[in-house]
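Enquirer: My questions will all concern the structure given below.
The values are calculated or read from the model by the stated rules, or taken from the named source; none is laboratory data. Predicted model, so just to flag it, every value in this text is computed and none were measured. Don't worry about glycine lacking a Cβ; one is built from the backbone with ideal geometry, like all the others, and counts go over all protein chains shown.
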Amino acid sequence: MASTRITIFDTTLRDGEQSPGCSMNVHEKVRLARQLDRLGVDVIEAGFPIASDGDFAAVQAVAAAVPRPIIAGLARAARHDIERAAQALEAAVRPRIHVFLATSDIHLQHKLRISRQQCLDQAAQSVRLARTFCDDVEFSPEDATRTDPEFLFQVLEAVIQAGARTLNIPDTVGYTVPLEFGELIRNIRERVRGVEQATISTHCHNDLGLAVANSLVAVANGARQVECTINGIGERAGNASLEEIVMALRVRSDRYPFETSIATEELYPTSQMLEEITGIPVQPNKAIIGRNAFAHEAGIHQDGMLKNRLTYEIMTPQSVGVPDSKLVLGKHSGRHALSLRCEQLGYHFERRELDEIYRRFVVLADEIKHVHDHHLLELIRQTYGDSRRIPPGRVASGAAASAVAAGAEDASRKPSPGTPVDFSVVGLTSIPTSDHLSEQEDYLWGV
């Protein structure tokens, strides 16, 4: 039986760009949109055409340059906004107008200063107007998770009758929690009349760090579109991270029997392109695409990785476009990884000799924090000179999980395709253990 497909709606160019310091010009938006197309996203929200002439031009350019995915333009529930979005999308092969209107009492009273009935009428009228320009209309009740559920259901029924084909449920301020949000999505699916005519979507913000968790629980309860951004960028604390959602669905397909159209080996290249364009670095420990996501420094972890990747990795780095895992040499590293790096640098030591190198290495790592290859080479030469150098042709190479000195530059950090979630350990180089007394001693030696 085929898995249910989840539509990936990328809003990096619109909501993501609202992140402080992340604004993009027309050329940059088109460049990133082409990469999003290679990534395989189903919908690209290219911008908010009414916001500025530059945003209008960017939506126009993306619509003309990227024909495969649906191209969406955002519009408030107002005639001028909708008409402007329609104009910007004229060149799109598959256009979508995304209409939004706040529905929570706090927004209606303090921001819009309209009644619930006025909100209901305005939402329906705006969707009907959008349908005169475009068959594909999405509606978002802004601040849905703080809206009275019964009123929210009324608004959704009204926009379905007016012609909306996607009902996007935004957690605009990142307020909801998974149990509550899952219940809301389930109630929409079960209680909103006509909902079978539309796709339920989610748009979660990360103010409480729950955007991805809320998106996943929404999918489990009937949502079939997820709105997200590359690197999780977006307003305030950001949006649900596209790469985290996609890989969670893939790695845990036992719990989430769904599939996406994403070419996961393009995740890292896309992340790197966005970082280059915006100048906003990805945090090192960012899941999936952070530089430490496949780096191992603890000796116990390094020893396990050199024996079998399954011990400490639940996906291959190649499956997301990262060239390889790294065993980082720092003060937490063990002899196993240190021995591998020494061999990669052209030196071989017997166990007792390596003990002395390791003792000096730990002292050095404590003092300078980052041990680069030139530090390690100097340490080796001070201890044994060049007497332990391996003859040319016998130097260890090709280890699938390479050991690198902490802080060393990786000249090969170019993305390469790989089989997603392939836990193969072919090519892993292991250190000979013939002189070890037992497997337990081997384990301790690797720590």
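Enquirer: Among the residues of segment 251-292, what is the count of those that are free of Cβ contacts under 8 Å to residues at least 60 places away in the same chain and among the small types (Gly, Ala, Ser)?
Expert: Qualifying residue count for the region: 3.
Enquirer: Can you pull out every residue in segment 67-114 that is within 23 Å of Phe153 (Cβ to Cβ), surrounded by fewer than 19 Cβ atoms within 10 Å (Cβ to Cβ) and either outside the structural domain of Ser261 (by TED's automatic domain parsing) or aliphatic (A, V, I, L, M) (or both)?
Expert: The answer is Ile106, Leu112, Ile114.
Enquirer: For segment 61-97, give me each residue that is among the aliphatic types (A, V, I, L, M) and part of a strand (DSSP E or B).
Expert: Of everything in segment 61-97, those that are among the aliphatic types (A, V, I, L, M) and part of a strand (DSSP E or B) turn out to be Ile70, Ile71, Ala72, Leu74, Ala75, Ile97.
Enquirer: Tally time: how many residues in segment 369-380 are surrounded by 13 or more Cβ atoms within 10 Å (Cβ to Cβ) and without any contact (Cβ under 8 Å) to a residue 24 or more places away in the chain?
Expert: Final tally of qualifying residues: 1.
Enquirer: A further question on this structure: Which of the residues that make up segment 155-198 are acidic (Asp, Glu) and either touching a Pro at 6+ places or on another chain (Cβ under 7 Å) or under 18 Å from Ala220 (Cα atoms) (or both)?
Expert: Asp171, Glu180, Glu183, Glu190, Glu196
Enquirer: Moving on. Just checking, does segment 336-347 include any residue being buried (at least 17 other Cβ atoms within 10 Å of the Cβ), outside the structural domain of Pro269 (by TED's automatic domain parsing), of a type in the set (D, E, K, R) and over 30 Å from Thr270 (Cα atoms)?
Expert: So far as segment 336-347 goes, yes, one or more of its residues are buried (at least 17 other Cβ atoms within 10 Å of the Cβ), outside the structural domain of Pro269 (by TED's automatic domain parsing), of a type in the set (D, E, K, R) and over 30 Å from Thr270 (Cα atoms).
Enquirer: Is it fair to say Gly194 is of a type in the set (Gly, Ala, Ser), more than 23 Å from Asn239 (Cβ to Cβ) and either surrounded by 18 or more Cβ atoms within 10 Å (Cβ to Cβ) or in contact (Cβ under 8 Å) with a residue 12 or more places away in the chain (or both)?
Expert: In short, yes.
Enquirer: For segment 103-127, give me the residue count where each residue is among the small types (Gly, Ala, Ser) and in contact with a helix residue (DSSP H, G or I) (Cβ under 6 Å, 6 or more places away or on another chain).
Expert: So the answer is 3.
Enquirer: For residues in segment 284-313 being assigned to a loop (DSSP other than H, G, I, E, B), in contact with a Lys or Arg (Cβ under 9 Å, 6 or more places away or on another chain) and not basic (Lys, Arg), which is modelled with the lowest pLDDT?
Expert: Looking at the filtered set, the residue picked out is Glu297.
Enquirer: Do the conditions hold for Val43, that is, is it of a type outside the set (Ser, Thr, Tyr) and touching a Phe, Trp or Tyr at 6+ places or on another chain (Cβ under 6 Å)?
Expert: yes
Enquirer: Taking the criterion of being modelled with pLDDT of 95 or more, touching a His at 6+ places or on another chain (Cβ under 8 Å) and more than 19 Å from Asn239 (Cα to Cα), would at least one residue in segment 23-42 satisfy it?
Expert: No, the conditions are met nowhere in segment 23-42.
Enquirer: Quick one: how many residues across segment 1-42 are acidic (Asp, Glu) and outside any helix (DSSP H, G or I)?
Expert: 3
Enquirer: I'm trying to understand the selection: among the residues of segment 346-356, which are in contact with a strand residue (DSSP E or B) (Cβ under 9 Å, 6 or more places away or on another chain) and on the phi < 0 side of the Ramachandran plot?
Expert: Result: Tyr347, His348.
Enquirer: Does Asp355 satisfy the condition of being farther than 25 Å from Arg38 by Cβ and either at pLDDT below 80 or assigned by TED's automatic domain parsing to the domain that holds Ala240 (or both)?
Expert: no
Enquirer: List the residue pairs whose Cβ atoms are under 8 Å apart, where the first residue sits in segment 28-54 and is under 12 Å from Arg68 (Cα atoms) and assigned by TED's automatic domain parsing to the domain that holds His98, the second is surrounded by fewer than 17 Cβ atoms within 10 Å (Cβ to Cβ) and not small (Gly, Ala, Ser), and the two are 6 or more positions apart or on different chains.
Expert: Asp37/Arg68
Enquirer: Same structure, new question: Mind checking whether some residue in segment 48-60 is in contact with a strand residue (DSSP E or B) (Cβ under 7 Å, 6 or more places away or on another chain) and either of a type in the set (Val, Ile, Thr) or part of a strand (DSSP E or B) (or both)?
Expert: Looking for residues that are in contact with a strand residue (DSSP E or B) (Cβ under 7 Å, 6 or more places away or on another chain) and either of a type in the set (Val, Ile, Thr) or part of a strand (DSSP E or B) (or both), one finds at least one in segment 48-60, hence yes.
Enquirer: Go through segment 37-60 and give me each residue that's surrounded by 18 or more Cβ atoms within 10 Å (Cβ to Cβ) and touching a Ser or Thr at 6+ places or on another chain (Cβ under 7 Å).
Expert: Scanning segment 37-60 gives Leu39, Asp42, Val43, Glu45.
Enquirer: Going by what's in this entry, would Ala86 be described as out of contact with any Gly (no Cβ under 6 Å at 6 or more places or on another chain) and free of Cβ contacts under 8 Å to residues at least 40 places away in the same chain?
Expert: no
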